[in-house]
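See below for the structure under consideration.
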Amino acid sequence: MPWQRLKGLMHPLLARLGPKFLRTRVICGMALFAVAVTIMALDYLPQKLDLKVGQPSPQDFKAPQGIVYESEVLTQKAREEAARQVTPVYRVDSSVVTTLTDQVDNIFQAIREINNSTGNSSERVARLKDRLSQLKLTAPTLQALAAADATTLNNLAGMTKNIVSQVMNEAVPQDAVSTARDKMLAAVETAGIEARYKPAVVAIIQNLELKPNLIYDVAATMQKREKAAAEVSPVQVTIRQNEKIVSDGELVTAEDIEALQKLGLLRSGASWGALFGLIFFQALLVALLLLYLRFFKPDIYNNNQLLLLLGLLWLIFLIFSRVVAAISLGGRAEFTRLVGYLMPVAAGSMLVAILMDAQVAVIFTVFLALEAGIIGGNLYQFTAMGAVSGLVGIYCVTHLSQRSDLARSSLFLMLANLLSVIALGLMLKSTLSQLSVAAVLALANGLLSTVLTIGFLPFLENSFGITTAVKLLELSNPNHPLLKRLLLEAPGTYHHSILVGNLAEAAADAVGADSLLARVGAYYHDIGKLKRPYFFIENQVTAENPHDRLAPTLSTLIISCHVKDGLEMAREYRLPQVIQDIIAQHHGATLMTYFYHKARENSRGDSVNENDFRYEGPIPRSKEAAIVMLADSVEAGIRSLPRPTPGRMEGFVRKIIREKLDDGQLEASDLTFRELAVIAEAFMRVLNGIFHTRVEYPEVVLKEMERRKNRNGVLHKQSAG
């Protein structure tokens, strides 16, 4: 029966519900689920309606009861209309006529000064013509002015100012300036001015800089408008029961919003059916994800920290998606709903792929893509876009070889997002403007996802103690303080570690282990030798060996201590736990044969305990640690071969592997016999590249080469001379 099969599948899960499980997984899981569902359910809970003037109403609104109220909106409109009906207040600016009369005085003052300066009539005429050139006076008029006495000039000035004052003391608006000048010219004809002086007065009036003297009185106008607005009585509105306030799709006005506020209708009701459906769907998604982990990824399912990490990534994605969904693009609904293309599904996918597993990341991508579709308004295009973006992100970070690969993945994400948006836009028959906005959001999504991945990765690595490829790449940098110390203080050990790293990487890659971890672990496996570097043969620059003067037990203690010292330094420099494990396990419980046999020779019949000459362990518990152990032994021992031919090296490599196997050092490493054979072949490929044979030239050939070299040197000197 189907129910029985389902019960059989769920039994292992239910059997784990013990007290410890309840205290940790169930409580934390339910808390995470509750927070996530709360974030997801914001659209389904009762909430205040966000109605704005000019936007379509989301539903029909009717008055649940009758109400009479004073409308502030309509009252304000009536007061604004009353104020608008008030005519502006203007006043005459007296400074305008003063400025014009001053101009007239200046002209006549100039004429007086010239007439008083010289008695020569011709000279006065010439100077007046030059001084009053802007008036363009004729010669007779200039002669008349030159001959005029002071009294005549004063009378002319007074009559001219009277004419200007009479016209400009009246209101002269902007459009009446030319009319005002015509009035002045007409007044000249009736002012009783002698004929010979009239052209001068006319020229002066025509040359005056006339401007309107009627200016807008802001204070008086505002006071008048305020008085008119204050006289308007408050507008009362009567709404009857069941009267329709606004219809579905009708543009909302300020009066509608005020009426809805007075009626208390600006709060939506809860959609309980949709809310329960959402909770059920979320529970189904979480259950399917846990079942997948239970049956296909038990190492992750049984790790509370990794499950918590998945939950936190889920919450982080939901929070960012909610923030994105709240963005409004210009208040236009057709553009605002496109912000769903900005939801960073790829960030969660890449983080899971880097921190956990690519296969889990694929399932998590589908999970997040469905969430994006729900948050985006139950639109499938956001789910489709999220799935494509997440899968491309997983592909970009699955095989990180350098740190720049993570930043370069943004280019692939942007391209994939752009193509997805174009395809979806064509399917949905989007307009060109909608497609353009969606394309910009898709490009921003690729950049945002990469930035979030790079930003959250170090925090999550350190918080959950996960060693990623990016972290290992940082540790492989030769500028790391420990590697720099190893190069300067123990150069022999540094060179040995590099060669061990090459051997371990090739072997790990051949058997499908983590080659990057094996290489980086090999770089740091002997950092404990920094405490006493010259007690190790590779760092001894002279023929004198300090162990020749020490007892075998003391030498054993010094040599074995480099493992403990290495662990202390690893903790001091905060190396990841997986690197510390390789440091602790790279010798396992191997016997230090040289000092053991030396002790037996010096014992003179006394029994020597073999366990006193073994490393303290533990033995390797991972393939990478076992491979580093084998590579370390092979690289150190291969130096002792007198003639390292390929045949001898292969025999030595297989002898080392067999000894480790017989000694029980590989029992916990999960390496198979087939993999040990593959490891030996990988070691040989690297060693043949290091110890390849060189051509040995015969003695006769060497002498001939030397003779030609000397001859070429002589010829070169002769040509130079």
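The values are calculated or read from the model by the stated rules, or taken from the named source; none is laboratory data. Small disclaimer: the values here were computed from a predicted structure and weren't measured. Every residue, glycine among them, receives a Cβ derived from its backbone with ideal geometry; neighbour counts consider all protein chains shown.
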Search result, residues across region 410-454 that are modelled with pLDDT under 90 and under 30 Å from Asn304 (Cβ atoms): Ile454
Unique match (being in the same structural domain as Pro212 (by TED's automatic domain parsing) and assigned to a helix (DSSP H, G or I)) among Ala191, Ala180: Ala180
Against the definition (within 19 Å of Ala416 (Cα to Cα) and either at pLDDT 90 or above or in a helix (DSSP H, G or I) (or both)), how does Ala347 come out, yes or no? yes
Subset tally (residues that are farther than 16 Å from Tyr524 by Cβ and in a helix (DSSP H, G or I)) for region 618-632: 3
Go through region 194-212 and give me each residue that's in contact with a Lys or Arg (Cβ under 9 Å, 6 or more places away or on another chain) and part of a loop (DSSP other than H, G, I, E, B). Leu208, Leu210
Please pick out the residue among Leu666, Leu661, Leu641 that is crowded, with 20+ Cβ neighbours inside 10 Å and among the aliphatic types (A, V, I, L, M). Leu666
Being touching a helix residue (DSSP H, G or I) at 6+ places or on another chain (Cβ under 8 Å) and closer than 19 Å to Leu415 by Cβ narrows Val352, Val362, Val392, Val339 down to just Val392
Determine which member of the set Leu313, Leu308, Leu318, Leu290 is crowded, with 16+ Cβ neighbours inside 10 Å and in contact with a Cys (Cβ under 7 Å, 6 or more places away or on another chain). Leu308
Being of a type outside the set (A, V, I, L, M) and more than 15 Å from Thr450 (Cβ to Cβ) is the filter; apply it to region 411-433 and report the residue that is surrounded by the fewest Cβ atoms within 10 Å (Cβ to Cβ). Lys429
Do we have Ser669 as assigned to a helix (DSSP H, G or I), among the polar types (S, T, N, Q), closer than 26 Å to Val520 by Cβ and in contact (Cβ under 8 Å) with a residue 24 or more places away in the chain here? no
Starting from residues that are more than 28 Å from Leu473 (Cβ to Cβ) and modelled with pLDDT of 80 or more, keep the ones in region 520-558 and report whichever is surrounded by the most Cβ atoms within 10 Å (Cβ to Cβ). Arg532
Would you check which residues across region 370-381 are buried (at least 24 other Cβ atoms within 10 Å of the Cβ) and either in a loop (DSSP other than H, G, I, E, B) or modelled with pLDDT of 95 or more (or both) and list them? Gly376
Taking the options Leu51, Leu100, name whichever one is buried (at least 16 other Cβ atoms within 10 Å of the Cβ), in the same structural domain as Leu156 (by TED's automatic domain parsing) and in contact (Cβ under 8 Å) with a residue 40 or more places away in the chain. Leu100
Among Leu591, Leu575, Leu557, the single one that is in contact with a helix residue (DSSP H, G or I) (Cβ under 8 Å, 6 or more places away or on another chain), over 14 Å from Tyr523 (Cα atoms) and aliphatic (A, V, I, L, M) is Leu591
Among (1) in a helix (DSSP H, G or I); (2) crowded, with 18+ Cβ neighbours inside 10 Å; (3) touching a residue at least 24 places away in the same chain (Cβ under 8 Å), where does Ser165 come up short? (2)
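Collect the residues in region 103-134 that are under 18 Å from Met159 (Cα atoms) and in contact (Cβ under 8 Å) with a residue 40 or more places away in the chain, keeping them in residue-number order.
Hits for region 103-134 are Gln103, Val104, Asp105, Ile107, Phe108, Ile111, Arg112.
Conditions tested, residue by residue: (1) at positive phi; (2) surrounded by fewer than 18 Cβ atoms within 10 Å (Cβ to Cβ); (3) in contact with a helix residue (DSSP H, G or I) (Cβ under 8 Å, 6 or more places away or on another chain).
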{"residue": "Ser121", "(1), (2), (3)": "no, yes, yes"}
{"residue": "Arg127", "(1), (2), (3)": "no, no, yes"}
{"residue": "Asp130", "(1), (2), (3)": "no, yes, no"}
{"residue": "Ser133", "(1), (2), (3)": "no, yes, no"}
{"residue": "Lys136", "(1), (2), (3)": "yes, yes, yes"}
{"residue": "Gln143", "(1), (2), (3)": "no, yes, yes"}
{"residue": "Thr152", "(1), (2), (3)": "no, yes, no"}
{"residue": "Gly158", "(1), (2), (3)": "no, yes, no"}
{"residue": "Lys161", "(1), (2), (3)": "no, no, yes"}
State whether the residues of region 395-404 include one that is small (Gly, Ala, Ser) and at pLDDT 90 or above. no
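This table checks each residue for (1) in contact (Cβ under 8 Å) with a residue 24 or more places away in the chain; (2) within 30 Å of Gly54 (Cβ to Cβ); (3) hydrophobic (A, V, I, L, M, F, W, C).
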| position | (1), (2), (3) |
| --- | --- |
| Leu293 | yes, no, yes |
| Thr336 | no, yes, no |
| Leu342 | yes, yes, yes |
| Val388 | yes, no, yes |
| Leu391 | yes, no, yes |
| Leu400 | yes, no, yes |
Sole exception among (1) under 21 Å from Glu258 (Cβ atoms); (2) surrounded by fewer than 16 Cβ atoms within 10 Å (Cβ to Cβ) for Ala83, by number: (2)
Among the helices (runs of 4 or more DSSP H) contained in region 91-150, which hold 3 or more residues that are at pLDDT 80 or above and within 21 Å of Val164 (Cβ to Cβ)? 95-117
